[in-house]
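Right, one structure below, let's go through it.
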Amino acid sequence: MNVLHRRLIWALAGLIGALTPSLAAASDPFAIVDEALRLRKDMNDSELNAFIYKQALAEGTADANGFLLIAELLEQVGDYKAEHYFELAISHANEDAAYELFYADYLRNFRGPKRPLFKEAQEHYFAALEKLGRQRSPLPWSAAVREHVLRGLVVLYQEDGIPLAWRNDTGPQAPFLFFSSTARTAKSTADLDEIHDVRDLTAEALFSESALRLNRPLTREELRGLIRRKESNVLRERLRYRVESAAIDLFYEGRSIQNAQVTDFRQPDVFNRVRVDKLGTNFAFVFNEAPDFDGYFRQAFRLANRQGLIEAQPQAEERIFEGETTFGFSHFSGSNKNDFELTYVGQDIKPQIANPPRRWRNIFSARLDHQILRPLLWFRNPFGNRFATRGLDLFGGLADDQERFGDVIVRRDDAFVGISLNGLGPIDVTLQPTIFKQQVSGDRSQKSAQLRLDGTLVLRLLDEEAHPGIPRSFLGLHPAFVHLVIPVKRDQALEGLSAFENDRVGIGIDTKLFVMSFDDSTPTNARFGATTLLVSCRYYRERFLRLDKKMNLIELNLSLGF
């Protein structure tokens, strides 16, 4: 490129920079964000990248709004240089808190492996509150900035629970110690958090039929008798300490499941309760390695006492030491985001009986999500959302679960793929086929496989994105969203026993509410606090087609933090 051409490009870039709304010094920064969304809608990827390049060439003449426009456009094309331009906007903005807000929203909502870059987002939200507290003459948009900052902090802390203690900083104080509590109950064919009830029922029936037990096929009535409602109740209490990008947890979980276990497989329609008590610790942190990736690491250790799973000895107990390790990574490829997560769980199981068999369990799982975040025909621009990156999500994963019972190893394998269309107006749709398999070493008669077809329709009765500020409270509770949920599924056999083929349809309501407190009338004593409450209730009608059995099932969840 010769000198004349280079000068022409610089002159053209300077002219574009002077004419675009992004460099109008008096512009509302919220209007700059809207302008970035408009430009993304009106340009294809190559046009937008060329525009960003020209804007960047004019960096020497830009002000805070010019840098903000570049940052917002880079955010939408998945370029990690957005960080640099957000920081330039902040440095050119004096005491305007809006630029801290937009950077914090980017770090919380779009960056991170399915989790926000917590430390960085928190720093910029509180920097915005400090700037608002120092303003002698509020800017026309300062009230909107304050409301958006507080709402962003509510979402940032929503998983943590009730704040108990705050850091004693000179500016607004941030919470660092939290308590959360979750209560759940269900009457279902599966335990809470379990989705493979058709495989479990099939495995129970096949083992009862085996040469080791009844050595004959089960009758129709015995098969019908295996289908039962497991009454599950779970209480989980957690204490969380946050430091920098890390969260350290201590927790207790008590779980009781009536009708959970076949007491003696020679009598397959007689069941007993299973009781599990867990005490554990968990360490997790998120880290920023841009432009390579954002990462997540989690290590948990749990001690459990389990009663009711040893056949013919329903009062016998097992002691379990369990470790769980998770690595997560995310990376933008253009405007699309890839999230990969790998988990290993290992259990050392010690039955408290005479001459116990050797027992252990190992689980490996992996999941990949590919989010298409560029504007599509039926979707609004995902980067216009503050609370969720709605768009087209393609995902898949697998799990390998091996459990040893003396000389026998039971292997269970899951594999799934799926697609979520999020943001079709007020509707989300998810479709997911899953294959469940099981085999037992040395016994081909125990081999089985099932296909599950899952679908979920979500209708947003109250959309969180429609109220990006603080919604009005009712009895002190601010409603964030209310969703009508319609889940459906069908299970069919691919190999082995087909008696438990079924379909199920449900309906439910999911609600998120929050309580917030922040008084900045005395900035030196101001402290932020928020608690998020999740409420979920579901009803299902399930039919086992071959056995002509119908069941009514329910599930209720109440959680302070999650």
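General remarks:
- More than 18 angstrom apart: percent of Cα pairs within the range 271-415: 69
- Between the amide H of Ile409 and those of Ser441, distances stay under 5 Å, these residues lying 5 or more places away or on another chain, with hydrogens modeled in the peptide plane.
- Carbon + sulfur, % of accessible area of the range 333-428 - ligands and nucleic acids excluded, 1.4 Å: 59
- Farthest toward positive dipole pole in the chain [+1 Lys/Arg, -1 Asp/Glu at C-beta], among Trp141, Pro433, His196: His196
- Using θ = phi - 60° and Karplus 6.51 cos²θ - 1.76 cosθ + 1.60, couplings along the range 79-92 (whole Hz; Gly, Pro as x): 8, 5, 5, 4, 3, 4, 7, 4, 5, 5, 4, 4, 5, 9
- Global geometry of the range 294-375, whether rounded, prolate or oblate, following the gyration tensor of its Cα atoms and the 1.5 cut on a/c: prolate
- Whole-Å semi-axes of the range 407-455's equivalent ellipsoid (Cα gyration tensor): 35, 8, 5
- Within the assembled protein chains, the solvent-accessible surface assigned to Arg266 is about 130 Å², based on a 1.4 Å probe.
- Relative frequency of Cα-Cα separations exceeding 18 Å in the range 210-310, percent: 65
- Excluding same-chain neighbours fewer than eight residues apart, the aspartates and glutamates reachable from Lys512 by a Cα-Cα span under 16 Å are Glu159, Asp160, Asp463, Glu464, Glu465.
- Relative contact order %, the range 364-521, counting alpha carbon pairs below 8 Å whose residues are six or more apart: 15
- Ignoring lysines fewer than eight residues from Lys41 along the same chain, the ones with Cα atoms less than 26 angstrom from its Cα are Lys54, Lys81, Lys114, Lys337.
- Charge dipole (Cα centre; +1 on Lys/Arg Cβ, -1 on Asp/Glu Cβ; no other charges) of the chain amounts to roughly 1420 debye.
- The portion of the accessible surface of the range 441-518 made up by carbon and sulfur, rounded to a whole percent, is 62 (1.4 Å probe; DNA, RNA and ligands excluded).
- When each of the peptides 163-170, 110-117, 30-37 is scored by how many other beta carbons lie within 10 Å of its residues on average, the order from highest to lowest is 110-117, 30-37, 163-170.
- Of the residues Asn215, Leu107, Val286, the one whose Cα sits farthest toward the positive end of the charge dipole of the chain, with +1 on the Cβ of Lys and Arg and -1 on the Cβ of Asp and Glu, is Asn215.
- For the chain, the solvent-accessible area works out to 46 Å² per residue, with a probe of 1.4 Å and every protein chain left in place.
- Tensor-based shape of the range 260-311 (alpha-carbon gyration tensor, a/c under 1.5 rounded, otherwise prolate or oblate): prolate
- Spatially proximal lysines relative to Lys550 (Cα-Cα < 29 Å; intrachain offsets below 8 disregarded): Lys187, Lys230, Lys437, Lys447, Lys489
- Selection from Leu477, Ser365, Val488 lying farthest towards where the dipole of the chain points positive, charges on Cβ: Val488
- Whole-Hz couplings from phi, Karplus 6.51/-1.76/1.60, listed for the range 393-408; x for Gly and Pro: 10, 9, 8, x, x, 8, 9, 10, 10, 10, 10, 9, 10, x, 8, 10
- Shape class for the chain, computed from the alpha carbon gyration tensor (a ≥ b ≥ c): prolate, with a/c not under 1.5 and a/b above b/c.
The values are calculated or read from the model by the stated rules, or taken from the named source; none is laboratory data. This is a predicted model, so every value here is computed, not measured. Glycine gets a Cβ as well: all are built from the backbone with ideal geometry, and neighbour counts include every protein chain shown. Surface areas here come from the heavy atoms of the whole protein model, side chains and all, with no ligands, DNA or RNA. Shrake-Rupley method; radii C 1.70, N 1.55, O 1.52, S 1.80 Å.
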